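In what follows, a structure is listed as structure tokens, so that the remarks can point back to it.
Read-outs throughout are calculated quantities, based only on the coordinates presented, and are distinct from any laboratory measurement. Worth saying up front: this structure is predicted, and the values here are computed from it rather than measured. Here the Cβ is made from the backbone with ideal geometry for all residues, glycine too, and neighbour counts use every protein chain on show.
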Amino acid sequence: MIHRSLILAAACLLAGCGSAARSGGEADAWPGRLHTLPPWRSGVPALVINMPPEYEKGLRAGEEFMVHLFRRPPETAPADSATLAVYVGHHPREPRAKTLAEPGRIAGREVTWFGDAWQDDRGRQMYHAEAYVRGLFHWPRCWRADAQGLVVHVMAWGTEQREVERLMAAAESLRPAS
């Protein structure tokens, strides 16, 4: 099993971006702030997630999906430093990160974190990790037939490897609201 703090560093080394390995173990702990993510539709449970306190929540919604976004305010960190997105819908995109895979748990379910690193068009080192949670809204938790195939696609990316790792750790706290 690949250690979470190594997945992005190993992807970076495979991509030839130099020494990006981090010393130490798990992502730093934080006091956290519990966020409730609005439900996809009525009859579908809301989700909750414990995020580092400096992150602010945003929402993008369409007819058939919701994307919950978490970023630090622009006055405290550059916009591209780290973002967590939680997509809820029927049609998640194909994984962008495919270099490495690591087992994990989100919402009490086994998932695979896919990780990658590359240089963007402005020469910045980018780190990316994503995982898919399937089967979270089955009966009896959810009575809506159109919710049975919903997928939760969790993505963390940015220029700060350590922050992306913190967001991966925060994503593991994602779960349906009671």
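In loop segments of the stretch 72-118 as defined by DSSP, the trypsin sites (Lys or Arg not before Pro) with at most 13 further C-beta atoms inside 10 Å of their C-beta are ARG93, ARG96, LYS98.
Panel note: the C-alpha atoms of the stretch 108-178, placed on their principal axes, show extents of 48, 21, 17 Å (largest first).
Between amide H atoms placed 1.01 Å from N, distances below 5 Å from GLU56 occur with ARG71, ARG72, all of them 5 or more places distant or on a separate chain.
Take the alpha carbon gyration tensor of the stretch 64-152, find the square roots of its eigenvalues, order them as a ≥ b ≥ c, and report rounded if a/c is under 1.5; if not, report prolate when a/b exceeds b/c, else oblate. Judged from the Cα gyration tensor, the stretch 64-152 comes out prolate (a/c at least 1.5, a/b above b/c). Say a paramagnetic label sat at a point 7 Å from the Cα of ASP120, along Cα to Cβ; which residues of the stretch 147-178 have their backbone N under 20 Å from it? What the label zone holds, given the 20 Å backbone N cut-off, is 154-168.
Residues in the stretch 64-81 carry Karplus couplings, in order, of 10, 7, 9, 10, 8, 10, 10, 9, 7, x, x, 6, 10, 7, x, 4, 8, 5 Hz; the curve used is 6.51 cos²θ - 1.76 cosθ + 1.60 with θ = phi - 60°, and Gly or Pro positions show x. Modelled spin labels at ARG134 and GLU75, positioned 7 Å past Cα toward Cβ, are 4.5 nm from each other. The slack between VAL67 and ASP146, meaning 0.36 nm per residue of separation minus the straight C-alpha distance, is 26.7 nm.
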